[in-house]
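Each remark here refers to the structure printed beneath this line.
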Amino acid sequence: MYEAIQIVHSYWAYLVVLVVTLATINGIFGVITKREYAPKDFRISLFALIVTHLQLLIGIIIFFVSPKVLWFNSGVSASEIMGDPLLRLYNVEHPFTMILMVVFITVGYSKHKKKLTSTPKFKQIAIFYTIAWILMLSRIPWSEWF
Ligand code: HEM
């Protein structure tokens, strides 16, 4: 079961990185060009929300079954986990930062929906999705992933 979830989490991450990147760029260009907000803009923002929420669910499951998460192993102390950069990444930084990034996506999405005109809509996406994008890229285990 662990192997299957690990593969899904690993491959789904490509889609998450791609879609969040596109939605962020789309929001920034929308602000810069001041163009009309169109149905395709709604779709890409929504798609980013959906793929990140699914990855969040898969991430929460893998947290409890991964051999790289040592919180549930007796005999491994918190200081051992915090003292090792890779263990700290998998046990603390990656889960915490990714949950925060999904919060930013969710808040940005719901704030943009409440705005009634085009540029303020794009502005909410540009601000919140850019923060989420930076958070996401900062805590992906790049060296282990590729
Ligand atoms: C939502 C955005 C997320 C993205 C883009 C993401 C991305 C990734 C990537 C690329 C890997 C490396 C996979 C590999 O080495 O093949 C990974 C591993 C991992 N992620 Fe996430 N993740 C996300 C959310 C989460 C969350 C919310 C949690 C936990 C609450 C989590 C827990 C883990 C764990 C425990 C591993 C190590 C799995 C293992 O190899 O045993 N992830 N993640």
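Values as computed for the structure displayed
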| item | result |
| --- | --- |
| Net charge over other residues, Cβ less than 12 angstrom from the Cβ of residue 122 (K, R count +1; D, E count -1) | +4 |
| Accessible-area composition of the chain, carbon plus sulfur, in percent [1.4 Å probe] | 73 percent |
| 57, 137, reordered so the largest accessible area comes first (probe 1.4 Å) | 57, 137 |
| Solvent exposure, largest accessible area first (probe 1.4 Å, DNA, RNA and ligands not counted), of 110, 74, 79 | 74, 79, 110 |
| Whole-number percent relative contact order across the chain, with pairs defined as alpha carbons under 8 Å at least 6 apart | 34 percent |
| Kyte-Doolittle mean at least 1.6, axial Cα span of 15 Å or more - DSSP H helices of the chain | 39-65 |
| Average accessible area per residue (Å²) across the range 2-145 - probe 1.4 Å, nucleic acids and ligands excluded | 56 Å² |
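The values are calculated or read from the model by the stated rules, or taken from the named source; none is laboratory data. Fair warning: this is a prediction, and the values are worked out from it, not measured in the lab. Note that we place each Cβ from the backbone using ideal geometry, even for glycine, and neighbour counts take in every protein chain shown. In case anyone asks, the SASA skips ligands and DNA or RNA and just uses the protein heavy atoms, side chains included. Shrake-Rupley method; radii C 1.70, N 1.55, O 1.52, S 1.80 Å.
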